[in-house]
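Trainee: Structure below; questions to follow.
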Amino acid sequence: MNHNMPRTPFSTPLSGSAREAEIRIRNIMSGPKKRPPLPFLILMFSLCIFCGNIVSCQVAETDTPAAQDSSASVSAPPDTSEEQPWVPVELKTGMLQYIGQTSDWFYENYSPSEKEMAVLDNLPGAELPWEAVEVYYAMRRDYWRDTLLPVAYDEGEDVTVYFVVNPDSMPNVEPLVSPILWGGDLEQQRGIVLRHGERTAYFHLYWGGNGHFASNPTLLADDLDGDGQPEAALVLTDGWGTGVHTESLYIFDLDTMTYTVPDFSDIPLEITASPGETTARMSSGEREWEVDLGKLYEPFKGVAQVGDQVRFKQEDDRLVCDLTLDLSCMSLECLASVHFPVVYEGGGYKLGPATWMGNIL
């Protein structure tokens with residue numbers, strides 16, 4: 001067998017004794033049985049105890065922070081628990097001072113002559129045309145005696161509004177031709193006539209804006225002051241231009257045939273600006289709305305003004321004043337719009353808390 005067994009440099013020769021070979025194989029299979037020396041075990045046990053003491057000391061030091069020196073100067077962080085207050089914004093209402101103030105216009109120089117007034121003061125109400133005609137399509141034959149053009153009619157309360165023109169401006173106009181009411185000819189415009197039943201009254205009110213746009217005025221006849229008797233509210237356009245459109249509201253007492261203009265001196269609106277003037281907040285009654293001032297073409301200057309859009313319209317059987325607010329004080333940049341109802345309080349008409357706020361861009 002010794003000659004047939006392959007040999008390598010790693011081969012371990014076996015003894016020729018079968019007993020010795022069995023003992024060696026058993027020792028290989030069972031592994032070593034000697035314990036480590038006792039001094040080595042003692043050393044390892046001591047190292048474990050010493051390392052445990054080091055860790056426990058470090059933990060104890062971490063749990064107990066060192067006392068700070070009270071004499072050292074430490075800057076405390078700013079207190080941001082309270083928000084910075086919003087700053088009130090002034091609302092300029094210069095545009096509203098002209099609403100309903102026809103006497104302040106140069107239109108007062110174009111009053112009817114004595115001959116015309118003799119006719120206007122004695123109008124036969126029962127003979128006048130009652131139903132309104134569209135201004136844009138009005139022909140000469142639609143004018144009563146070349147003087148009155150019916151432009152607004154309320155059938156329920158039997159009220160008609162007429163534009164008054166100078167009859168001398170009609171001689172060269174054919175019956176089926178539309179006279180030119182637009183073009184800025186104030187000499188042609190004379191004011192309005194209000195008819196209620198067979199009663200009539202003349203008022204020197206400016207309707208040049210309606211003539212310019214060939215638009216009929218808005219008329220609402222209803223009990224506006226709660227006294228059980230109807231009043232007539234009339235809206236006339238009196239200002240226009242690039243980015244500008246203003247209207248005036250006149251409320252007529254049909255018993256006395258006199259009119260009044262709502263008081264616009266107090267606008268029920270509060271405006272505040274956020275810290276840094278990045279946002280404006282508008283509040284009126286129970287309504288609140290915010291405007292992003294970052295969308296302004298010009299920087300916000302800390303004030304706002306009633307813009308060049310002052311309109312009146314009928315919403316849900318009541319009159320509403322639509323004001324645009326210019327937050328950059330530029331005539332062509334009106335960012336917000338607010339609707340104020342016209343209410344009767346304390347013996348007069350004024351604007352009530354807003355019913356709507358929004359962005360018109």
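The values are calculated or read from the model by the stated rules, or taken from the named source; none is laboratory data. The structure presented is a predicted model; accordingly, all values stated were derived computationally and were not measured. Virtual Cβ from ideal backbone geometry, glycine too; neighbours counted across all protein chains shown. When the accessible area is computed, the model is the full protein with side chains, heavy atoms only, and any ligands, DNA or RNA have been set aside. Shrake-Rupley method; radii C 1.70, N 1.55, O 1.52, S 1.80 Å.
Trainee: Quick check: anything in the stretch 122-141 in contact with a Gly (Cβ under 9 Å, 6 or more places away or on another chain) and under 18 Å from THR258 (Cα atoms)?
Mentor: yes
Trainee: Given the conditions (1) on the phi > 0 side of the Ramachandran plot; (2) more than 27 Å from the chain's Cα centre (by Cα); (3) open to solvent by 10 Å² or more (accessible area, probe 1.4 Å); (4) small (Gly, Ala, Ser), and given that GLY241 satisfies all but one, which numbered condition is not satisfied?
Mentor: For GLY241, the failing item is (2).
Trainee: Might you let me know whether the stretch 130-150 holds any residue that is under 37 Å from the mean Cα position of the chain (by Cα), open to solvent by less than 40 Å² (accessible area, probe 1.4 Å) and among the polar types (S, T, N, Q)?
Mentor: Checked against the condition, which is being under 37 Å from the mean Cα position of the chain (by Cα), open to solvent by less than 40 Å² (accessible area, probe 1.4 Å) and among the polar types (S, T, N, Q), the stretch 130-150 yields no hits at all.
Trainee: Separate question: In the stretch 179-203, which residue that is in a loop (DSSP other than H, G, I, E, B) and open to solvent by less than 50 Å² (accessible area, probe 1.4 Å) is modelled with the highest pLDDT?
Mentor: Per the criteria, the residue is GLY197.
Trainee: Can you find a residue in the stretch 281-288 that is free of Cβ contacts under 8 Å to residues at least 12 places away in the same chain and on the phi > 0 side of the Ramachandran plot?
Mentor: Checking the stretch 281-288: not a single residue is free of Cβ contacts under 8 Å to residues at least 12 places away in the same chain and on the phi > 0 side of the Ramachandran plot.
Quick grid of which residues meet (1) in contact (Cβ under 8 Å) with a residue 40 or more places away in the chain; (2) farther than 17 Å from GLU315 by Cα; (3) in contact with a helix residue (DSSP H, G or I) (Cβ under 8 Å, 6 or more places away or on another chain):
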| position | (1), (2), (3) |
| --- | --- |
| ALA221 | yes, no, no |
| ALA233 | yes, no, no |
| TRP240 | no, yes, yes |
| VAL244 | yes, yes, no |
| ILE251 | yes, no, no |
| THR256 | no, yes, no |
| TYR259 | yes, yes, no |
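Trainee: Of all strands (runs of 3 or more DSSP E) completely enclosed by the stretch 214-291, which ones contain at least 1 residues that are acidic (Asp, Glu)?
Mentor: The qualifying strands (runs of 3 or more DSSP E) are 218-222, 231-241, 244-253, 270-273.
Trainee: Within the bounds of the stretch 164-178, is there any residue that is open to solvent by 70 Å² or more (accessible area, probe 1.4 Å) and under 14 Å from ASN216 (Cβ atoms)?
Mentor: no
Trainee: While we're on this one: So which of GLY294, GLY346 ends up being on the phi > 0 side of the Ramachandran plot, open to solvent by 60 Å² or more (accessible area, probe 1.4 Å) and more than 13 Å from the chain's Cα centre (by Cα)?
Mentor: Going through GLY294, GLY346 in turn, just one is on the phi > 0 side of the Ramachandran plot, open to solvent by 60 Å² or more (accessible area, probe 1.4 Å) and more than 13 Å from the chain's Cα centre (by Cα): GLY346.
Trainee: Same structure again: Which numbered condition trips up SER328, out of (1) modelled with pLDDT under 90; (2) closer than 23 Å to PRO88 by Cα; (3) touching a strand residue (DSSP E or B) at 6+ places or on another chain (Cβ under 7 Å)?
Mentor: (3)
Trainee: Report yes if some residue within the stretch 266-280 is of a type outside the set (Val, Ile, Thr), in contact with a strand residue (DSSP E or B) (Cβ under 9 Å, 6 or more places away or on another chain), open to solvent by 20 Å² or more (accessible area, probe 1.4 Å) and under 19 Å from GLU247 (Cα atoms); otherwise report no.
Mentor: yes
Trainee: For SER215, all conditions in the list (1) at pLDDT below 95; (2) crowded, with 20+ Cβ neighbours inside 10 Å hold save one; what is the number of the exception?
Mentor: (2)
Trainee: Which of the numbered conditions does HIS204 fail, given that it passes all the others? Conditions: (1) of a type outside the set (Ser, Thr, Tyr); (2) touching a Gly at 6+ places or on another chain (Cβ under 6 Å); (3) closer than 19 Å to MET139 by Cα.
Mentor: (3)
Trainee: Here's another thing I want to ask about it. Are there any pairs, at least 6 apart or on different chains, whose C-beta atoms fall under 8 Å, with the first in the stretch 134-158 and closer than 18 Å to LEU220 by Cα and the second of a type in the set (Asp, Glu) and open to solvent by less than 50 Å² (accessible area, probe 1.4 Å), and if so, which?
Mentor: Here the result reads PRO150/ASP142, each pair linking the stretch 134-158 to a residue that is of a type in the set (Asp, Glu) and open to solvent by less than 50 Å² (accessible area, probe 1.4 Å).
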